[in-house]
Amino acid sequence: MTVLFAPNVADEAAALLTRLGVSPSAFTGGDRSVRSPITGEVIAKVHDVSPAAAAAAIDAAHAAFLAWRKVPAPRRGELVRLLGEELRAAKADLGMLVTLEAGKTLSEGLGEVQEMIDICDYAVGLSRQLFGLAIATERPEHRMMETWHPLGVVGVISAFNFPVAVWSWNAALALVCGDPVVWKPSEKTPLTALGVQAIFERAAARFGDAPAALSTVLIGGREVGEALVDHPRVPLVSATGSTAMGRAVGPKLAARFARSLLELGGNNAAIVTPSADLDLTLRAVAFAAMGTAGQRCTTLRRLFVHESVYDGFVGKLKSAYGSVRIGDPRDPDTLIGPLIDEAALNAMQRALDDARSAGGRIAGGESVKGPGQGHYVRPALVELASQAEVVRRETFAPILYVMPYADLDQAIALNNDVPQGLSSSIFTLNVREAERFLAGSDCGIANVNIGPSGAEIGGAFGGEKETGGGREAGSDSWKAYMRRATNTVNYGEALPLAQGVRFDI
Ligand code: NAD
């Protein structure tokens, strides 16, 4: 285990925040402590927003909406282009701040900022392509079409593990669609949100005439999220986090007929078939299961290996688990950083106890000494004969349950036999197996010969069942952020009614 004798994390975070343009008064002197998972130390004290200030901020965002919706979409795209430029300039600092606050390796912290840049580029192009259809009408001298209009304030609630990218998936699209964004980041990662807000404000200043309150950050706990969920001037809330959070948020939004875009827990599987390229599969499984210390919604948690290749493949996988480099995520040699906090460690140990009781054979899972009081663990590989109850729930930690299978249809059924439906993969060189899997997996994401994690922004991202059904980022996800109107225009002198109905006065 490598320990960097770097400056104290609090000083490093303060220097980064200052360089990003955040005023020290925003991250000192508040009531809410922010801890770095690297050492467990308190690195900042932020200020929670009061309920009255949260409501006022949402009202201000609504006022911004009334002006922003009139700005032509390609001009709105110019603001997002500038945001992308500012993110490029700030990539190194923001990426390192993600590492300090969320504990991701620096390569992943930088990758997360790159994802923000990518979605900005995508949204700039999209700002000239927010088009609807012209539809055949049954009436002579009529035209029917659909047009897309700005929706209103978009509320974003985000999780700790993608502290900045999730905001950008929503914000870049919402802004070109004509919608201001009010963001409630995870209470575990408010500093990166403050950094992003400072970056956004630089882009808005360069843009020139952007209305105030186009982008707002509300720091606080779940009660601040609830303020967004309950406010009548927020027609869409995009909420990323646990299924428990979605269960609380979804019905409240439905009760006031607001839209929800839910991105909740996953329990992702991969199938390793007899024809798989096992070297490639080993690398893909190692990254998907151990990367980000098992703290991605798309982390590989269940592996079904055909019995004919089971012993050889699982033996090599265990060696990879035994030798993977764990430690300070700022060290370029580190592959596995810390868990976010002690609660995550305890949840992991509880799941391993349950797996042991279900007959699981466990390799790894022990605590590893890291810098300071950070919670570092060796990823755990758990061999089980069947999909026990513990396997069917998401434990947000690096545990991979490995099970043998005999028949592909049985493996696809096991892939689907969990409450969640986010991501899935098959490793095979057999086109029939690949296609049967792609048609048979019930997840929002199904891959061949790559792991279930590490999505690109061009595709629609999200999952089914208890994952919540939302879709973000690419493809036609933008439609969630706009209001569709069907327009019929009569350019003739007669007034024919549809379906031949007569009403002559
Ligand atoms: P969490 O559910 O504890 O918190 C997520 C956010 O929801 C936080 O900002 C929190 O303050 C807020 N929140 C919690 N309860 C709320 C309520 N009742 N009303 C309003 N807001 C509320 O999740 P976490 O521990 O930060 O993140 C880990 C979870 O997120 C995992 O389950 C993971 O799979 C999931 N996740 C899903 C995706 C996805 O795209 N599907 C992406 C990242 C993380």
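Couple of notes before you dig in:
- Filter result (open to solvent by 10 Å² or more (accessible area, probe 1.4 Å), outside any loop (DSSP other than H, G, I, E, B) and among the hydrophobic types (A, V, I, L, M, F, W, C)) within the stretch 305-320: Ala320
- Candidate set from the stretch 421-445 (those that are within 15 Å of the ligand (Cβ to nearest atom) and of a type in the set (A, V, I, L, M, F, W, C)); member that is nearest to the chain's Cα centre (by Cα): Leu422
- Residues that are open to solvent by 10 Å² or more (accessible area, probe 1.4 Å) and more than 17 Å from Met116 (Cα to Cα) within the stretch 187-215 comprise Glu187, Lys188, Ala205, Arg206, Phe207, Gly208, Asp209, Ala210, Pro211, Ala212, Ala213, listed in sequence order.
- The residue list Lys91, Lys104 contains one member that is of a type in the set (Lys, Arg) and crowded, with 23+ Cβ neighbours inside 10 Å, which is Lys104.
- Against the criterion of being assigned by TED's automatic domain parsing to the domain that holds Gly474, open to solvent by less than 30 Å² (accessible area, probe 1.4 Å) and within 16 Å of the ligand (Cβ to nearest atom), Val249 qualifies.
- Selected residue (criterion: farthest from Ala286 (Cα to Cα)) from residues of the stretch 321-346 that are small (Gly, Ala, Ser) and open to solvent by less than 30 Å² (accessible area, probe 1.4 Å): Ala344
- Hits in the stretch 473-505 - residues which are part of a loop (DSSP other than H, G, I, E, B), surrounded by 10 or more Cβ atoms within 10 Å (Cβ to Cβ) and assigned by TED's automatic domain parsing to the domain that holds Arg128: Gly474, Ser475
- Taking the stretch 219-246 as the range and being near the ligand (Cβ under 10 Å from one of its atoms) and part of a loop (DSSP other than H, G, I, E, B) as the test, the residues that pass are Gly220, Gly221, Gly241, Ser242.
- Any hit, the stretch 56-67, residues being β-branched (Val, Ile, Thr) and assigned by TED's automatic domain parsing to the domain that holds Ala159: yes
- Wholly within the stretch 1-89, helices (runs of 4 or more DSSP H) carrying at least 3 residues that are touching a helix residue (DSSP H, G or I) at 6+ places or on another chain (Cβ under 8 Å), modelled with pLDDT of 95 or more and within 21 Å of Ala213 (Cβ to Cβ): 51-68
- If the condition is being away from the ligand (no atom under 15 Å from the Cβ) and open to solvent by 10 Å² or more (accessible area, probe 1.4 Å), then the stretch 140-186 contributes Pro140, Glu141, His142, Arg143, Met144, Met145, Glu146, Thr147, Trp148, His149, Pro150, Leu151.
- Count of the stretch 396-420 residues which are open to solvent by 40 Å² or more (accessible area, probe 1.4 Å), among the polar types (S, T, N, Q) and either within 16 Å of the ligand (Cβ to nearest atom) or part of a loop (DSSP other than H, G, I, E, B) (or both): 0
A quick yes/no check of all residues on (1) charged (D, E, K, R); (2) over 22 Å from Ala14 (Cα atoms):
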residue	(1), (2)
Thr99	no, no
Gly103	no, no
Ser127	no, yes
Glu141	yes, yes
Ser158	no, yes
Asn161	no, no
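- Those residues of the stretch 421-454 which are of a type in the set (A, V, I, L, M) and surrounded by 21 or more Cβ atoms within 10 Å (Cβ to Cβ), in sequence order: Leu422, Ile426, Ile445
- Extreme residue, farthest from the ligand (Cβ to nearest atom), among residues of the stretch 257-280 that are out of contact with any Asp or Glu (no Cβ under 8 Å at 6 or more places or on another chain) and assigned to a loop (DSSP other than H, G, I, E, B): Pro274
- Looking only at residues in the stretch 347-372 that are closer than 16 Å to Ser386 by Cα and open to solvent by 30 Å² or more (accessible area, probe 1.4 Å), the one that is nearest to the ligand (Cβ to nearest atom) is Asp354.
The values are calculated or read from the model by the stated rules, or taken from the named source; none is laboratory data. Keep in mind it's a predicted model, so treat the numbers as computed, not measured. So basically every Cβ, Gly included, is an ideal-geometry build from the backbone, and we count neighbours across all protein chains shown. Just the protein is used for accessible areas: all its heavy atoms, side chains included, with ligands, DNA and RNA removed. Shrake-Rupley method; radii C 1.70, N 1.55, O 1.52, S 1.80 Å.
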